[in-house]
Amino acid sequence: MKKKIVVLAGDGIGPEIMTSGVTILKKAVENSEIAFEFEAHPFGGAAIDAKGEPLPEETLTACQQADAILLGAIGGPKWEHAAQTPEQGLLALRKALHLFANIRPISVPNALLPLSPVKEQIVKGTDFVVVRELTSGIYFGEPRHLGEAEAYDTNRYQEDEIRRIIRKAFEIAQDRRKHVLSVDKANVLATSKLWRKIAEEVAQEFPDCTLEHQYVDSAAMRIVQNPTAFDVIVTENLFGDILSDEASVLPGTLGVLPSASHSESGVSLYEPIHGSAPDIAGKNIANPVSMILSASLMLRQSFNMNDEADRIENACFEAMEEGILTKDLGGETTTTAFTEAILEKLK
Ligand code: NAD
Ligand code: IPM
Ligand code: MN
C-alpha cells in the first residue's frame, strides 16, 4: 500500500526539524507494509518568497489529495507586514481542510522531570490532552476591523461547532481516564455561556465520563499548580492556543510536544505546538523532538502503525534519558547529532 505525505517545512527552524522528522520516519517504516511517498510544497513565508502568497493553490490542492500532512512551523519577522502573512496562510489551510479538532497531548518524560520549570514532585505523572477548537471563535469571527483609533475582533461560535469539539473530547476521554474539563469564561462571555450549556448536553451522551467546568484564568493557574489533576481539557480556539503553550513548557521546553489536527473525515495534519523560533533558526540547535513525535503521532492516528510509533517514541525518550539533549534542555547536542543518535537506535 502506498500513502502520500505532503511535507510543509515552512520557515525558521521548520526545515531543520522537518529534515530530522522525515529522516527518522523513513527509517522507522522501511520494513513496513505501507510505503510512504513524500511530497514537499512551499507554505508560509517560504511560499510568499517563492510564489507571492503563503498558501498557494497547488499547495492546498496537494494537501487535499494527501493521506496526511506534516507541517514544521511558519512565520517570522521578515513577513510580519506582508499583504498576506504566513499566519493567515496557516489559518486558511486549517479552515480549508476543516481541521476543527486540534489535539495537543501533554506529558513529561522521566528524563525531563528535573528540567521542568515546575518542581519535580508536582509535575511527575503529568499526562493530559488539550483538545483545542481550531476553525472558529475569535480567530475567524466577523466583523473584524483594524483602524487607527479603534480595532475589534468578533468571538463567534455556532452550536454545532461547539458540539462536535466537545464530542471529540469525550471520545478521547473514553480511551483515557474518562474525565473532561471544559474551560471557558462563562462568568463574562456569551460564547462561553453557550459553550457550557452544550457541554452539559453532550455529557449526557457519555454517561461513563465525568464533566467539570473551570474558568480559563483559574485553569491557567491550576496547570502550573497541579498539572496531574487533568485528563482531557476541551476549550475554544484562543484559550486552547494559550493554555497549550503554557502546558507544553512543563517538560522544560516548547520543543518536545507534538500536535494533531483532525476534520470529521478528511486528511489530518501533524505539527509541533511551537512556532518557527526565528531566534535560533539556521544554527542547527533546534530541538527536533516535537517534529519527530508529530510524525509518530501521524503513524498512530492516520495509519494505525502503533509499533513503529512506539519505536520512534522510545528512541527519543531513551536518548534524552542518556543525556543526549539539545540546547533548549541545557545540552550541547545539535539537531543533526540528535537525529543521528535516534537513527542509530532505530537500526
Ligand atoms: P516560538 O514557539 O517560535 O518560540 C518561542 C520560544 O521557544 C523561542 O525562544 C524559541 O527559540 C523556543 N523554541 C520553540 N521551539 C523550539 C524548538 N523546537 N527547539 C528549541 N527551542 C524552541 O514562538 P514565537 O517566538 O512567539 O513565534 C515565532 C514565529 O512563529 C511567529 O511568527 C509566530 O507567529 C509563529 N508561530 C507559528 C506556529 C506554527 O507554525 N504552528 C506556532 C506558533 C508561532
Ligand atoms: C499555533 C500558533 C498559531 C495559532 C498562529 C501561528 C496563527 O500559535 O499553532 O498554536 O495561534 O493557532
Ligand atoms: Mn500557539
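No value in this document is a laboratory result; all are computed from the given coordinates. Predicted, not measured: the structure shown is a model, and the values here were computed from it. Counting neighbours? That spans all protein chains shown, and the Cβs are built from the backbone with ideal geometry, glycine included.
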(request) Within 10 Å, count the other beta carbons around each residue, average over each peptide in 162-169, 31-38, and list them highest first. (result) 162-169, 31-38
(message) So if each residue of separation counts as 0.36 nm, and I subtract the Cα-Cα distance between L194 and E39, what length gain in nm does that give?
(response) 51.6 nm
(message) For the chain, report the % of Cα-Cα distances exceeding 38 Å.
(response) 13
(request) Averaging over all projection directions, find the projected area of the Cα convex hull of region 9-134 and quote it in nm² with one decimal place. (result) 10.3
(request) Enumerate the calculated ³J(HN,Hα) couplings along region 246-262 in order (Karplus 6.51 cos²θ - 1.76 cosθ + 1.60, θ = phi - 60°), each rounded to whole Hz, writing x wherever the residue is Gly or Pro. (result) 4, 5, 6, 8, 4, x, x, 7, 6, x, 10, 10, x, 8, 10, 10, 10
(request) Past 29 Å, Cα to Cα, is the threshold; run K283/K345; K27/K78; K51/K327; K26/K327 against it and keep the listed order. (result) K27/K78; K51/K327
(request) Could you run the Karplus curve 6.51 cos²θ - 1.76 cosθ + 1.60 with θ = phi - 60° over region 195-205 and give me ³J(HN,Hα) per residue in whole Hz, x for Gly and Pro? (result) 3, 5, 4, 5, 4, 4, 5, 5, 4, 4, 6
(message) Let me check I've understood the local charge: for L55, count other residues with C-beta under 12 angstrom from its C-beta, Lys and Arg +1, Asp and Glu -1. What total comes out?
(response) -1
(request) Kindly provide the pair-distance distribution of region 173-286 built from C-alpha pairs, with 10 Å bins from 0 and whole-percent values in order of increasing distance. (result) 12, 36, 36, 13, 4, 0
(message) Taking the Cα centre as origin and putting +1 on Lys and Arg beta-carbons and -1 on Asp and Glu beta-carbons, what dipole magnitude results for the chain, to the nearest 20 debye?
(response) 360
(message) Please report the net charge: other residues with Cβ closer than 15 Å to the Cβ of D279, K and R +1, D and E -1.
(response) -1
(request) Show that you can apply the helix-only estimate: for the chain, add -39,500 (n - 2.57) for every DSSP H stretch of four or more residues, divide by all residues, and state [θ] at 222 nm to the nearest 500. (result) -12500 deg cm²/dmol
(request) Arrange the peptides 323-331, 285-293, 229-237 so that the one whose residues have, on average, the most other Cβ atoms within 10 Å appears first. (result) 285-293, 229-237, 323-331
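Ranked highest first by the average count of other Cβ atoms within 10 Å around their residues, in what order do 179-185, 78-84, 308-314, 214-220 fall?
In decreasing order of mean packing, 179-185, 78-84, 308-314, 214-220 become 179-185, 308-314, 214-220, 78-84.
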(request) Rounded to the nearest Å, what's the spacing between the alpha carbon centres of region 188-244 and region 298-320? Just the number, please. (result) 29
